[in-house]
Structures are given as structure tokens and as C-alpha cells.
Amino acid sequence: MGHNPDARRPRYSLWSLIRHALPPHIAWPTAWRFPEPKSRYEVVIIGGGGHGLATAYYLARNHGIHDVAVVEKGWIGGGNTGRNTTIVRSTYLIDANAQFYEHALRLWENLSAELNFNVMFSQRGLYNLFHSAREREILARRQNAMRLNGIDGELIDREQLKAEVPELNVSPSARFPVLGAAVQRRAGVARHDAVVWGYARAADRLGVDIIQNCEVTAIRAEAGAVQGVDTKRGFIRASKVGLAVAGHTSTLAETVGLRLPIESHLLQACVTEPIKPLLNRVVTSAALHVYVSQTDKGEVLIGGDLDGYNSYSQRGSFRITEQNLAHALELFPQLSRLKLMRHWAGVMDMTMDGSPIIDRTPVRGLYIDGGWCYGGFKAIPGSGFCFAHTIAHDQPHPLNAAFSLARFRAGPLINERGAPPMPNAH
């Protein structure tokens, strides 16, 4: 059955805005439907965050599979998509990671036009600081590898860094003196909720059912093949089921007897009270493990390291918050007089090598998109694109072929940092 994308919802435009703004505000169309779940779908995607909605969209747009349901236990975007620092980049060393994330970045660059929704992608540039000669050599090696993969990147010294980011403390007497930075100018940030809303609206226009407040309690399988999902609103039968639930990937996989090489950890972030425009770049430091940017609302957004213990609580610890703030103040002392407005934690699904899993599982018809560690938000378009291909064709796209589940048994790990096979090392 053919689908006309424009038949379900009007397109947003200046004329549409004027037409709906002039009369009393009672005729605005809903962005997407709120359907009741059907008893059967061709594909059920578990997880209504960026990854799940992007997968549903690309299944319909790229592969003509419109009989799709996205089931979400709460509201769409209420999980990790809304609990991150919204950084988008493709600064990776290993070919598999570099090519995948560069594909995602290229999708980001045209995403607002494609979805007919402003995802507020701002390519303000990412500055990864180095504090020693050894760090500089490590980043130089990464930049050279990126160039071999056709990805932009450059190294700048302290004087150029001071000119481009004048707010940064580059004093030689600082506790951790800054010597320069590796820069990717096409990198930036996007608005997390806008990304979710854009994909939800676009998927809905293609016939996808988005079912909120429908928690999946178990995946049902018989004779080694998936049958559907048990939810708090009843059983939904499906020929194929895709997992895109971030930190809860391992718990749902266990319902069909799958033990995954994933641990769930908390990753915190926080924002200050809003201030006038101060920082128009994204600044990160691997040595301090802190990243700082300013949102469109004026809040200074600060993120950092894992809490270091397993949890599903979505509540962070004061120890990590204090550590993140201390490191941010090393770089931007002028922030010291700001008030902390709120802080939160996301549940991170950490693989043993720090790279994701986008693959089929041993259960026929069950597919997994998980183990994103720190890279989940920036991967949304690329992950959805590749996961949809994997589900539609029952085989990986070349861009996600290396992100197989079998690599943890066979040995070819994709280890960006060269650290041991432990989640807290990534």
C-alpha cells in the first residue's frame, strides 16, 4: 500500500505559521496521532527515544515498511535522549567508528530540511583541549586518521585557541595548563527534544504508530523466533522486534534468555542559571573529562564522568556533580558565581569495548541497537538509518557491520581508547 507523506499532516512553513497564528489558537493540528495499539504489526520498535523513532522513520521512508509501532513506557524522549549534553561530532580514530559517525554527522547537517522540523542543529565547532605534549600527539594521530577517512579536523596552538575561545582560561599558571586543542568545526549541538519531535512527526506521517505509556514487560519467543511483546496494555504480536532502550537493553534481552556484554551506569550532567551569551563553542577536555557548552536558553551545560556504579535510578551523586563543576571552573573561572539550576543522570548502556551493538540476535526476528556508552545522541540519525536497514534486510548495513554482537565472542573489539574490556574504562 502506498503512502503519501503529505496526506497525513500539513507541512510546516511560514505560510502555515501565519495561517494558524492569526485566528484564535484553537485550530493547530496535532503533530502526531495517539493511536491505540493494534494486535499485530510487522515490526515493533521498543523505545520511543531518538534511536527508536529514527529507526521507525527510516523503515518507512527507506524500506517501505509502514506497519510499524514504536512503544514507549513513558513519553517519547523521556529517557536518555532528554538526559544528555547534546554534542554531535565525528572525531573518532578507528575506521568503523569514524565512518559511522561521519555518516551520522552528514545526516544531521540536512536533518531539519528532511524532517520539515527545526532540530536546532548548531555547527558551532568542538574544541578538544590538550594539556601535555603526549596528549597533543594522541590527538594528532586521531586527526591524521580522520583526514584519511575524509573527515575535517585540525590542531591549533594556545594563541589561536585564545583568539577563538577568549572565555577559556589558558594561563600557563593554571593547575592544568591548556596547550592547544583539536578542532572539528562541523561539530556542534542540537536540541534533544526537537530531534525526538521531528522524527516522531515524520514517522507518523508515514503511517507509523507511536504508542506512549505502553511499557514492555517481556519479549515473547517460541522455538527460537520472536513472537511479539508483552506490554501493560496487552500482548502485541510482531514478526520482528527491535530493541532501542539504552540502559535497559540487558534487562529486556534477559526475558528471552540473552545475556549481553553490557552494564548500566549513570552519567550525569547539569546546567547553571541562564546568562547572556558567553560561550559559542563546545569545549571538552579528555584529561579532566569535562565538557562545557551554552544552550540556546543561556544555561551553561556541564557534563563529565560516569558515577562508577551500576544503577537504573536516573539520579546522580553529589560527588560527580562537584567533580564536574570543579573541572569546569578550571577552564572557565568566571562561572564560579553562577547558581546551579538542576542536575540529572541518564542510564548508560556501557559495552565492554566502548563501541555500540547494532545487529541481529540469536533469536530470529529480534534485533538490538544498544551499548552506546557516551555516543548515543550524536549517533541518532546514523543509528536509525543502519538499524532500519538491518531489520528490513535481516543483515547489517556496511556501516554497522563491525558493530556485531558476535565480536565479543570472536575477539575483534572496536576499542577507541585501547583500554581493557571493562565498561568503566570507556
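The values are calculated or read from the model by the stated rules, or taken from the named source; none is laboratory data. Source: prediction; values computed, not measured. Backbone-built Cβ (ideal geometry, glycine too); neighbour counts: all protein chains shown. Calculation scope for accessible area: heavy atoms of the full protein, side chains included, ligands and nucleic acids excluded. Shrake-Rupley method; radii C 1.70, N 1.55, O 1.52, S 1.80 Å.
Do we have any residue at all in segment 310-317 that's out of contact with any Gly (no Cβ under 7 Å at 6 or more places or on another chain), at pLDDT 95 or above and open to solvent by less than 60 Å² (accessible area, probe 1.4 Å)? No: segment 310-317 contains no residue that is out of contact with any Gly (no Cβ under 7 Å at 6 or more places or on another chain), at pLDDT 95 or above and open to solvent by less than 60 Å² (accessible area, probe 1.4 Å). In segment 17-40, the residues that are over 30 Å from Thr231 (Cβ atoms) reach residues that are in a loop (DSSP other than H, G, I, E, B) and small (Gly, Ala, Ser) with C-beta atoms within less than 7 angstrom, at least six apart or across chains, in these pairs: His20/Ala27.
Annotation note: of Ala98, Ala69, the sole residue that is buried (at least 19 other Cβ atoms within 10 Å of the Cβ), small (Gly, Ala, Ser) and under 23 Å from Leu53 (Cβ atoms) is Ala69. If you go through segment 262-301 and keep only what is within 20 Å of the chain's Cα centre (by Cα) and charged (D, E, K, R), you end up with Glu263, Arg281, Asp296.
Scanning segment 178-200 for residues that are in a loop (DSSP other than H, G, I, E, B) and either touching a helix residue (DSSP H, G or I) at 6+ places or on another chain (Cβ under 6 Å) or open to solvent by less than 20 Å² (accessible area, probe 1.4 Å) (or both), we see that the one that is nearest to Met120 (Cα to Cα) is Ala190. Every condition in (1) on the phi > 0 side of the Ramachandran plot; (2) open to solvent by less than 20 Å² (accessible area, probe 1.4 Å) is met by Gly64 except one, and the failing one is (2). Among residues of segment 142-177 being of a type in the set (A, V, I, L, M, F, W, C), out of contact with any strand residue (DSSP E or B) (no Cβ under 7 Å at 6 or more places or on another chain) and assigned to a helix (DSSP H, G or I), the one that is most open to solvent (accessible area, probe 1.4 Å) is Leu148. Residues in segment 232-288 that are within 19 Å of Asn84 (Cβ to Cβ) and polar (S, T, N, Q): Thr249, Ser264, Gln268, Thr272, Thr284, Ser285. Looking at this structure, is Tyr57 open to solvent by less than 20 Å² (accessible area, probe 1.4 Å), part of a helix (DSSP H, G or I) and under 27 Å from Ser239 (Cβ atoms)? Here the answer is yes, as Tyr57 does meet what is asked. For segment 341-370, the set of residues classified as within 20 Å of Arg315 (Cα to Cα) and either among the hydrophobic types (A, V, I, L, M, F, W, C) or within 18 Å of the chain's Cα centre (by Cα) (or both) consists of Met341, Trp344, Ala345, Gly346, Val347, Met348, Asp349, Met350, listed by residue number.
Conditions (1) open to solvent by 40 Å² or more (accessible area, probe 1.4 Å); (2) closer than 30 Å to Val43 by Cα; (3) out of contact with any strand residue (DSSP E or B) (no Cβ under 7 Å at 6 or more places or on another chain), marked per residue:
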{"site": "Ile262", "(1), (2), (3)": "no, yes, no"}
{"site": "His289", "(1), (2), (3)": "yes, no, no"}
{"site": "Asp296", "(1), (2), (3)": "yes, no, yes"}
{"site": "Asn324", "(1), (2), (3)": "no, no, no"}
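Looking only at segment 386-397, decide whether some residue is part of a loop (DSSP other than H, G, I, E, B) and farther than 19 Å from Ala56 by Cβ. Yes, segment 386-397 has at least one match. Quick one: how many residues across segment 113-141 are part of a helix (DSSP H, G or I), aliphatic (A, V, I, L, M) and in contact (Cβ under 8 Å) with a residue 60 or more places away in the chain? The total comes to 1. Annotation: of all residues in segment 218-227 being in contact with a Lys or Arg (Cβ under 7 Å, 6 or more places away or on another chain) and surrounded by fewer than 22 Cβ atoms within 10 Å (Cβ to Cβ), the one that is farthest from Gly79 (Cα to Cα) is Gly224.
Which count do you get for residues in segment 365-406 that are hydrophobic (A, V, I, L, M, F, W, C) and either open to solvent by 10 Å² or more (accessible area, probe 1.4 Å) or at pLDDT below 95 (or both)?
10
Criterion applied to Ala163, Ala218, Ala200, Ala223 was being without any contact (Cβ under 8 Å) to a residue 24 or more places away in the chain, small (Gly, Ala, Ser) and within 30 Å of Leu252 (Cα to Cα), and the one residue passing it is Ala223. Does any residue of segment 201-217 turn out to be surrounded by fewer than 16 Cβ atoms within 10 Å (Cβ to Cβ) and modelled with pLDDT under 95? Among the residues of segment 201-217, not one is surrounded by fewer than 16 Cβ atoms within 10 Å (Cβ to Cβ) and modelled with pLDDT under 95, which makes the answer no. Can you find even one residue in segment 243-251 that is touching a residue at least 40 places away in the same chain (Cβ under 8 Å), in contact with a helix residue (DSSP H, G or I) (Cβ under 6 Å, 6 or more places away or on another chain), open to solvent by 40 Å² or more (accessible area, probe 1.4 Å) and in a strand (DSSP E or B)? No, every residue in segment 243-251 fails to be touching a residue at least 40 places away in the same chain (Cβ under 8 Å), in contact with a helix residue (DSSP H, G or I) (Cβ under 6 Å, 6 or more places away or on another chain), open to solvent by 40 Å² or more (accessible area, probe 1.4 Å) and in a strand (DSSP E or B). Examine segment 104-113 for a residue that is within 22 Å of the chain's Cα centre (by Cα), open to solvent by 20 Å² or more (accessible area, probe 1.4 Å), over 15 Å from Ala187 (Cα atoms) and not basic (Lys, Arg), and state whether such a residue exists. Looking for residues that are within 22 Å of the chain's Cα centre (by Cα), open to solvent by 20 Å² or more (accessible area, probe 1.4 Å), over 15 Å from Ala187 (Cα atoms) and not basic (Lys, Arg), one finds at least one in segment 104-113, hence yes. In the set (1) in contact (Cβ under 8 Å) with a residue 60 or more places away in the chain; (2) under 19 Å from Ile87 (Cα atoms), Gln334 fails one condition alone, (2). One residue stands out in segment 70-112 among those that are in a loop (DSSP other than H, G, I, E, B), within 30 Å of Val44 (Cβ to Cβ) and touching an Asp or Glu at 6+ places or on another chain (Cβ under 7 Å): the one that is modelled with the lowest pLDDT, namely Gly77.
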